1. Sort through Leu30, Leu50 and tell me the only one that's in a helix (DSSP H, G or I) and open to solvent by 20 Å² or more (accessible area, probe 1.4 Å).
2. Quickly run through region 1-27 and pick out the residues that are loosely packed, with under 15 Cβ neighbours inside 10 Å, touching a residue at least 24 places away in the same chain (Cβ under 8 Å) and part of a loop (DSSP other than H, G, I, E, B).
Amino acid sequence: MQKQELITALTARREAAGLSNAEIALRSGLTERSVRNALSLRGNPQLSSLLALVDALGLELQLAPKGFGEATGTDAGYRPVATRVGHAVAQAPAPPYVKRRSPPSSP
């Protein structure tokens, strides 16, 4: 995931939750200016600020190997393991720049 995608996803989550930057600032313990800067595409938040924003939006940041959960061309029968995080991500509103893939059909 690129920085722009992450910031756009966090902004979409904030908007979907109907929260203002001021409300996120209160929830995260950051200043409103820090929230505004972090959620701008020019922003470059510190990791601690990013983690506070993610938590304030009711999310958690997880690391996964690149390509994890994507279908592979070499194994047509491959299906990613279902997790509660994967389910939550699938149910979250898609940022406007992302085209959601259709879930794989059952055999």
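The values are calculated or read from the model by the stated rules, or taken from the named source; none is laboratory data. These numbers were taken from a predicted model, which means no experiment stands behind them. Note that each Cβ is placed from the backbone with ideal geometry, even for glycine, and that neighbours are counted across all protein chains shown. Ligands, DNA and RNA are stripped out before the accessible areas are found, and what is left, the full protein with its side chains, is counted by its heavy atoms. Shrake-Rupley method; radii C 1.70, N 1.55, O 1.52, S 1.80 Å.
1. Numbers: Leu30 fails: in a helix (DSSP H, G or I).
When all the criteria are applied, what remains is Leu50.
2. Answer for region 1-27, where residues must be loosely packed, with under 15 Cβ neighbours inside 10 Å, touching a residue at least 24 places away in the same chain (Cβ under 8 Å) and part of a loop (DSSP other than H, G, I, E, B): just Ala17.
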